[in-house]
Amino acid sequence: MNMLISESVLTNRQCALLTVGQMAEADRRSVAAGVSSFELMANAGAAVAHEIECHWTPRPVLVLCGPGNNGGDGFVTAHVLAEAGWPVRVAMLGSRFSLKDEARQHAQRWVGEVEALSPEVLEGAELIVDALFGAGLSRPLQDQALETLAAASHGTVPIVAIDTPSGVMGDSGESLGAVPAVLTVTFFRKKPGHLLLPGRDLCGEVIVADIGTPKAVLDAIAPQTYENHPALWLANLPRATSDTDKHSRGHALIFGGYPMTGAARMAARGAARAGSGLTTIAVPEIAFPIYATVLDSIMVRPWLTPEDFGHLLNGSRFSAWLIGPGAGVDKETFGHALAMLATGRPTIIDADAITAFQDEPGALDRAIHGPCVLTPHESEFRRVFDPFGDKLTRTRAAARRCGAVVVLKGSDTVIAAPDGRAIINANAPPTLATAGTGDVLSGIILGLLAQGMSAFDSAAAGVWLHGAAAAEFGPGLLAEDLPDLLPAVFRRLYS
Ligand SMILES: NC(=O)C1=CN([C@@H]2O[C@H](COP(=O)(O)OP(=O)(O)OC[C@H]3O[C@@H](n4cnc5c(N)ncnc54)[C@H](OP(=O)(O)O)[C@@H]3O)[C@@H](O)[C@H]2O)[C@@H](O)CC1
Ligand SMILES: Nc1ncnc2c1ncn2[C@@H]1O[C@H](COP(=O)(O)OP(=O)(O)O)[C@@H](O)[C@H]1O
Ligand SMILES: [K+]
């Protein structure tokens, strides 16, 4: 867990993710700034060789080179390792004489044999370098590339991927025939495909190497996509100071359903642990005894009629609301969600309250006019938003359409703002796949919103804190454990 401390010294610039197109632009701008393509490729291949030397002792290496610049990087890697005394063989898809420009120049420096790519070349290799395709992948793998990589994946020989495992789409993480690498060395910045599934799982460990791209290139490109990290929001995370009182830390209100009462209670504990000064669950009168007997610092307010609930919302004491956990998919939930949104105050629409809009998604779009966060999992998302396209594209389009921050959950949660900014989260362990963890997540985000943090920052910070809390616990996690794990995560963040 020391990772939290060292990670938080990263800057937000280092968390930027570049698309394949932006990476090509970075290349062009580097050249314009005086760093040649030849030099970039030399640095890229040398960085891969360096990582291999750091991870393994010398052993027979087979470098699989493709017909583009990814293959060029492979020739450099082969050359550098051979110079260092490693036994290296090279196999290539196509002919090295069809390589262009700097890839051709680097391939010419390889004096050894270049074998034709086929599964037979794998014989005797104890480390495989996959330099077949990177950013230029344009179609599914086929024939020799597909067969050779498939054969490589059936053995136990580790595979090191250059830039991406061949077959992974850099922008979407989609696999068009890729096999898992144990290590992927990429350059300058990660791409979304290094974090989106299945790409993230296929990459293994990812190392980002500096290949001499000038720093100013990033400002010119102005990336809109980031990997979630405290560097993005830590400065805006609400912190109590000596002149703070509980009222200045916000008052979070959660709609408490019946008969599913556990969900709202867990959300409330998430909000309170995230720092909300006061936390109240508003519950139908029939459920009041159930809630009241199991809550201490969290307050319970009974309401009798929807009008009572409306009056509660129109009072000025609450700084943010949440509806969804345990709410029930019905007309009442639909109406209460609209009433919350009508106040223009920060609102989270989660779970059942998202599904309540399935017959009328346009009503959600029309109602959102203040800070708002939607936290659907994939099924809930599909009920109200367009299901087409990769996860990043879909989440962005949803946020743009409805005007809210959309958190599309999963192992690779995407957080998108209506203005096009997006963050991909990668710290969530699979132990989160257990009932109720989503309720705690919406509660944590609520606790931050209630304290005045922006919707986008609250969503990003909430998702990261949720993942870090789960990682803190390890196997055997229950949703109700999560709120009590937050203090340790905060302590480390602030140390
Ligand atoms: N800053 C940077 O970004 C730097 C990037 N660098 C490196 O450059 C790499 C990108 O190079 P790249 O653009 O030449 O593309 P690359 O991945 O080699 O493939 C293109 C070739 O593959 C072919 N092809 C595609 N799919 C295929 C398939 N399924 N089956 C068969 N063929 C297929 C495609 O053919 P086409 O689609 O044109 O018909 C074309 O011939 C990048 O990943 C990184 O390693 C570094 O050198 C330095 C700095
Ligand atoms: N395999 C996984 N790896 C990491 N995080 C996961 C995984 N599966 C689910 N999660 C996370 O757990 C939470 C589950 O939320 P949700 O599906 O709404 O569950 P519930 O409705 O039971 O609360 C989300 O934050 C999601 O991102
Ligand atoms: K590759």
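What to note about this one:
- Considering only the chain, percent of DSSP beta bridges that pair antiparallel, nearest 5: 15 percent
- Mean separation of Cα contacts under 8 Å (6+ apart) over length of the chain, as relative contact order %: 13 percent
- Hydrophobic long helices, here whole DSSP H runs in the chain with Kyte-Doolittle means of at least 0.0 and Cα atoms spread over 24 Å or more along the helix axis, are found at 37-55, 455-473.
- In the structure shown, the pairs Lys100/Lys215; Lys191/Lys409; Lys100/Lys391; Lys191/Lys215 are assessed against 24 Å; a Cα-Cα span above that value is assigned to Lys100/Lys215; Lys100/Lys391.
- Contact order normalised by residue count of the range 328-421, Cα under 8 Å, 6+ apart, percent: 24 percent
- Nonlocal amide H pairs with Thr184, under 5 Å, H built at 1.01 Å: Ala161, Glu205, Val206, Ile207
Read-outs: derived from the displayed coordinates by stated rules, not from any lab. Since the model is a prediction, treat every value here as computed from it, not as a measurement.
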